[in-house]
Amino acid sequence: MTKTILFIGLGNMGSGMCANLVKAGHKVHAFDLSDAAMKAAEEAGAHPVSSLTDMDASKVEAIVTMLPAGKHVKQVYTEGLPETLPRGTLMIDCSTIDVETARDLARIARERGHAAVDAPVSGGVAAAQAGTLTFMVGGEKQHFEMAKPILEAMGKNIFHAGGNGNGQAAKIANNMLLAISMIGTCEAFNLAERLGLDAQTFFDISSRASGQCWSMTSYCPAPGPVESAPSNRGYKPGFAVPMMLKDLGLAHDAAESSGSAIPLGEHARRIYERAAEMHPDMDFSVILPMLKKGELKD
Ligand code: NAD
């Protein structure tokens, strides 16, 4: 069934997600601080909103937020919601934010009579445009069921991870593993090449042996073996280094607050700090050329 949806945050990810909601037949009101982003959303068939607080939101059934960080989402939830928003609106936050803020947002929404889920995504800009994102949803089962048909217009795998905040917990743990596996894959390619194997030969062997992982088979950091990988486009993102560093910062905070040891996660964070200083505009698989050039020697 089609819905009336307010979409807030029409950036790299949100623009494609908003367009897919329109394509699925939903009536979408769109808001962003950037005029260019608003114009693009209008061209994609959404209805631009010039002021969130002043808009007529009496028919809005769900709000989707796709914003840079927790403070932006909190600002919208506490100060930015339309006066006329009906009670019982479903709040779906797809941004990647910390677990505590996600749980706080759910409480704020509940106090205002709304339902809330956190629904961060896996998959980059291409998946957002193609409608093939993976959603990890935290919230009550009945609210997950309400969100599912909306999320299905933007993604192909929709998982219920448990209560509020658990979607973010899944996302943060997953991306910490991704960082570690990417660094490991880069080290393995660098070592194998220095020992005399070419990248394709090592890929053919390791992708069918016990070193096989997503960073290798879907996103190979060595140019050649995986056509669609950023390594074949001069390491243009893809998933940019500062985004990975942001997620590793969230993993650091989550580990501190839960008393979890993440020695490799912390090491990965230091490596991506170096990458962010040296190659802020590159894809997170840039670790391989950094190793080759000796940029990670100490
Ligand atoms: P982005 O910076 O391209 O887009 C964010 C948009 O939010 C911008 O257009 C900005 O103008 C808008 N914005 C900021 N504050 C606002 C406010 N108060 N009201 C309205 N609009 C506001 O970021 P992105 O790459 O689209 O990422 C969005 C979220 O998705 C982040 O939390 C990110 O961690 C997560 N994410 C990104 C990727 C990726 O590959 N880019 C992948 C997975 C998850």
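The values are calculated or read from the model by the stated rules, or taken from the named source; none is laboratory data. Small disclaimer: the values here were computed from a predicted structure and weren't measured. Because the Cβ atoms are built from the backbone with ideal geometry, glycine has one as well, and the counts that use them run over all protein chains shown. Surface areas here come from the heavy atoms of the whole protein model, side chains and all, with no ligands, DNA or RNA. Shrake-Rupley method; radii C 1.70, N 1.55, O 1.52, S 1.80 Å.
Scanning segment 55-83 for residues that are part of a loop (DSSP other than H, G, I, E, B) and under 13 Å from Leu105 (Cα atoms) gives Ala69, Leu81.
Per-residue answers, yes or no, for (1) hydroxyl-bearing (Ser, Thr, Tyr); (2) more than 13 Å from the ligand (Cβ to nearest atom); (3) open to solvent by 40 Å² or more (accessible area, probe 1.4 Å):
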| position | (1), (2), (3) |
| --- | --- |
| Val241 | no, no, no |
| Gly249 | no, no, no |
| Ala254 | no, yes, no |
| Gly259 | no, yes, yes |
| Leu264 | no, yes, yes |
| His267 | no, yes, yes |
| Tyr272 | yes, yes, no |
| Ala276 | no, yes, no |
| Pro280 | no, yes, yes |
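Scanning segment 24-49 for residues being within 15 Å of the ligand (Cβ to nearest atom) and either modelled with pLDDT under 95 or of a type in the set (A, V, I, L, M, F, W, C) (or both) gives a total of 12.
The residues on offer are Phe159, Phe135, and the sole one that is in contact with a Cys (Cβ under 8 Å, 6 or more places away or on another chain) and not assigned by TED's automatic domain parsing to the domain that holds Asp247 is Phe135. Residues being more than 10 Å from the ligand (Cβ to nearest atom) and under 21 Å from the mean Cα position of the chain (by Cα) are entirely absent from segment 50-57.
Within segment 131-151, the residues that satisfy the criterion of being part of a helix (DSSP H, G or I) and touching a residue at least 40 places away in the same chain (Cβ under 8 Å) are His143, Met146, Ala147, Pro149, Ile150, Leu151.
Considering each residue of segment 71-78 in turn, at least one proves to be open to solvent by 20 Å² or more (accessible area, probe 1.4 Å) and more than 21 Å from the chain's Cα centre (by Cα).
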